Amino acid sequence: MARFRNRKNKVFVKPIVKKNQQQQPNVDHITGNKIPKSFVFSRGKLPGPIRQLQMDLRKLMLPYTALNLKEKKRNNLKDFLNVAGPMGVTHFLILSKTETSPVLRVAKTPQGPTLTFKIQEYSLAVDIAQSQLRPRCPQDLFKNPPLIVLSGFAAGDEHLKLTTTVFKNIFPDIDINTVKLSSCQRIVCLNYNKDTKFIDFRHYSIRLQPVGVSRRIRKFVQNHQVPDLRNLQDVSDFVTKAGYGSESEADEEAATVTLTSDLSRVNRASTKSAVKLQEIGPRMTLQLTKIEGGLCSGEVMFSEYGNGGNKKKPDSEEDGDNDDEMKDSDEDNEGEDSEEDIGESEEDEED
């Protein structure tokens with residue numbers, strides 16, 4: 001803090017704002033809607049892979065989340081809620097672990113509802129990258145929020161309608177008339193299978209590839225490097241050699257779009273480009289087990305194991321034990337300044 005004295009000899013403090021520290025807006029200047037923000041944290045002890053899954057979810061929720069959110073065991077749910085209000089946080093994504101499987105809760109602050117999902121299967125982002133020949137994750141990929149696509153949720157069940165509403169509101173709205181194509185670099189896809197009642201959760205990066213341009217020409221234009229022509233008889237050999245290789249599917253009409261604006265040196269306005277999706281993770285298979293009317297508490301609006309949770313299976317009992325852990329009695333934390341332990345500041349949020 002820098003101190004200055006005015007003419008009346010009264011000391012006042014002028015805050016020093018770092019150049020690389022920019023406060024994120026709370027309202028979209030185009031749509032006028034409130035921008036949803038999130039906290040991704042855990043309750044209880046998590047094994048290493050689940051802890052890494054938590055970091056992958058934080059990265060997925062960028063830029064409107066706390067990437068470096070610090071939490072301690074004595075922080076209860078009320079502490080996160082007290083910090084969420086001043087920071088404009090609208091959603092909690094809470095990971096926990098039962099004896100049989102991990103659990104993901106998606107809660108709307110400050111009064112709910114809360115959706116509880118059993119994570120049947122999951123793959124970390126690093127696992128997805130290792131399975132790919134050419135993994136792609138540019139530095140500016142997470143500067144803008146992802147798009148969201150929901151499939152299979154058209155059934156008339158009330159719990160599916162509520163699930164659709166909650167997931168739609170996790171990410172900012174877009175205006176198709178004013179959105180910039182350069183900001184649409186990621187997409188989150190959720191597909192509901194009515195037969196298995198599982199939700200496939202996928203996270204992809206979006207890239208455009210010009211149609212009718214070979215890989216060599218595209219790399220030459222992008223990298224501005226002089227090509228090696230020593231082993232070629234004519235420059236035409238450089239243009240025609242190698243062709244499209246494994247990218248011949250780029251010429252399919254169903255996979256191409258006509259750009260309305262320039263995106264790069266090879267993707268120009270009024271030209272056709274192929275839309276490519278490359279998975280970047282994390283990947284999850286979710287099962288909706290319960291919907292509560294409040295924030296991790298309140299009336300049970302839906303239960304996979306019976307109305308109101310009366311009919312229980314073994315897993316449901318574990319969920320109930322986990323709910324007690326979520327509440328974290330305030331008596332155990334009495335006299336502790338636990339809000340400071342969360343340790344979150346605007347510096348932890350990426351621009």
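Quick notes
- Residues (in contact (Cβ under 8 Å) with a residue 60 or more places away in the chain and open to solvent by less than 70 Å² (accessible area, probe 1.4 Å)) located in the range 47-57: PRO49, LEU53, ASP56, LEU57
- In the range 123-139, the residues that are within 11 Å of GLU279 (Cα to Cα) reach residues that are part of a loop (DSSP other than H, G, I, E, B) and open to solvent by 70 Å² or more (accessible area, probe 1.4 Å) with C-beta atoms within less than 6 angstrom, at least six apart or across chains, in these pairs: ALA129/PRO135.
- Count of the range 105-122 residues which are assigned to a strand (DSSP E or B) and either of a type in the set (A, V, I, L, M, F, W, C) or surrounded by fewer than 18 Cβ atoms within 10 Å (Cβ to Cβ) (or both): 7
- Scan of the range 32-41 for residues that are touching a residue at least 40 places away in the same chain (Cβ under 8 Å) and over 16 Å from the mean Cα position of the chain (by Cα), ordered by number: ASN33, LYS34
- Residues in the range 132-156 that are surrounded by 11 or more Cβ atoms within 10 Å (Cβ to Cβ), out of contact with any Lys or Arg (no Cβ under 9 Å at 6 or more places or on another chain), assigned to a loop (DSSP other than H, G, I, E, B) and not polar (S, T, N, Q): PRO135, CYS137, LYS143, ALA154.
- Qualifying residue in the range 16-37 (condition: closer than 28 Å to GLN120 by Cβ and either among the hydrophobic types (A, V, I, L, M, F, W, C) or modelled with pLDDT under 90 (or both)): no
- Looking at ARG51, ARG58, just one residue is among the basic types (Lys, Arg), within 18 Å of the chain's Cα centre (by Cα), within 27 Å of SER183 (Cα to Cα) and assigned to a helix (DSSP H, G or I), and that residue is ARG58.
- Residues located in the range 167-196, provided they are under 19 Å from GLN287 (Cβ atoms) and buried (at least 17 other Cβ atoms within 10 Å of the Cβ): PHE167, ILE170, VAL188, CYS189, LEU190, TYR192
- Flag for GLY44 being farther than 29 Å from LYS161 by Cβ, free of Cβ contacts under 8 Å to residues at least 40 places away in the same chain and open to solvent by less than 70 Å² (accessible area, probe 1.4 Å): no
- Candidate set: the range 58-104, residues that are surrounded by 15 or more Cβ atoms within 10 Å (Cβ to Cβ) and among the β-branched types (Val, Ile, Thr); chosen: the one nearest to THR116 (Cα to Cα): VAL103
- Test: residue in the range 67-80 that is within 24 Å of CYS184 (Cα to Cα) and either touching a Leu at 6+ places or on another chain (Cβ under 7 Å) or outside any helix (DSSP H, G or I) (or both): yes
- Test result for ASP228, charged (D, E, K, R), modelled with pLDDT under 95 and part of a loop (DSSP other than H, G, I, E, B): yes
The values are calculated or read from the model by the stated rules, or taken from the named source; none is laboratory data. Since the structure is predicted, the reported quantities are computational estimates derived from the model, not experimental observations. Note that we place each Cβ from the backbone using ideal geometry, even for glycine, and neighbour counts take in every protein chain shown. For the accessible areas, the whole protein counts, side chains as well, though only heavy atoms, and no ligand, DNA or RNA atoms are used. Shrake-Rupley method; radii C 1.70, N 1.55, O 1.52, S 1.80 Å.
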